[in-house]
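As structure tokens, the structure follows; a few thoughts come after it.
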Amino acid sequence: MANSITPLVAGNWKMNGMIASSDEARAMAAGLADLADPKCDVLICPPATLIGFLARVLGESAISLGAQDCHPQPGGAHTGDIAAEMLADVGATTVIVGHSERRQDHGETDALVASKAQAAWRAGLKAIICVGESEAERDAGDALTVVRSQLEGSVPPEATASDTIIAYEPIWAIGTGRTPTPADVAEVHDAVRETLKELLRPEGEGMRILYGGSVKPGNAAELMSASNVNGALVGGASLKAEDFLGIIRAYS
Ligand code: 13P
């Protein structure tokens, strides 16, 4: 079953992007349209301020739009927060939840991340649930234990292969230019697959597991070839059309 999973290349723009960034998005859509037979789905997660605008810019292009976070509630007195329903309303299909930067900067717990995933589904969005160990945890030999515990706490038991995507992002590889070896990636992704099968039964078999952390055009094919890697969650290299398209081509 795992072989039939369509890979996803997702760009996480983080807190980057202005109206002028629509030029890059347009160039990405044009480059994707030029590919004879793209073998992956493509998603861009810009800041929330740009989702509605880019939905109009990208129109019928093959690029889907996602968000980087949502609030668990559908509305109410939560100043500064954004409901999953609002993201769907302006054209998002997907939302990232539990990114390590939100876990670190905003103290997000596994339980909160799980409630955000449920909010995403309530609004008809897919949830990309992020997990990943710190450098100290890896050095202590605890990477697999940490990731397993995050999956147990952050992935609600009703998750399905069609509404949920897992992203494994080792924190020490994010924005550093350092990546795990393909063998190390495979070890974690195999363990994530086994845990998902245990937690979710058949739904865990077909669920996409993305790798994230310093994915670039030059290393995308190698990382993609690792066992149970079903795509990439790309930060810095998703901001420029040339780089992002280079990664998409590696998957095609
Ligand atoms: P970089 O690709 O910039 O390392 O970021 C990865 C990431 O955090 C994507 O969510």
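The values are calculated or read from the model by the stated rules, or taken from the named source; none is laboratory data. Note that the structure is predicted; figures quoted are calculated from it, not measured. Quick reminder, even Gly has a Cβ in these numbers, built from the backbone with ideal geometry, and neighbours come from all protein chains shown. Side chains are part of the model used for accessible areas, which takes the heavy atoms of the whole protein and leaves out ligands, DNA and RNA. Shrake-Rupley method; radii C 1.70, N 1.55, O 1.52, S 1.80 Å.
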Practice prompt. For the stretch 141-155, name all the residues that are out of contact with any Pro (no Cβ under 8 Å at 6 or more places or on another chain) and not β-branched (Val, Ile, Thr).
Written response: GLY141, ASP142, LEU144, ARG148, SER149, GLN150, LEU151, GLU152, GLY153, SER154
Worksheet item: Are there any pairs with C-beta distances below 6 angstrom linking a residue in the stretch 164-180 that is over 18 Å from LYS126 (Cα atoms) to a residue that is part of a helix (DSSP H, G or I) and more than 11 Å from the ligand (Cβ to nearest atom), with the two at least 6 apart or on different chains, and if so which?
Response: TRP172/GLU135
Item to complete: Tell me which of these ARG201 doesn't satisfy, since it passes every other one: (1) within 18 Å of GLU158 (Cβ to Cβ); (2) open to solvent by 60 Å² or more (accessible area, probe 1.4 Å); (3) touching a residue at least 12 places away in the same chain (Cβ under 8 Å).
Response: (3)
Worksheet item: On the given criteria, is ARG148 within 12 Å of the ligand (Cβ to nearest atom) and assigned to a helix (DSSP H, G or I)?
Response: no
Practice prompt. Provide a single number: the residues in the stretch 211-236 that are within 6 Å of the ligand (Cβ to nearest atom), open to solvent by less than 30 Å² (accessible area, probe 1.4 Å) and either β-branched (Val, Ile, Thr) or assigned to a helix (DSSP H, G or I) (or both).
Written response: 2
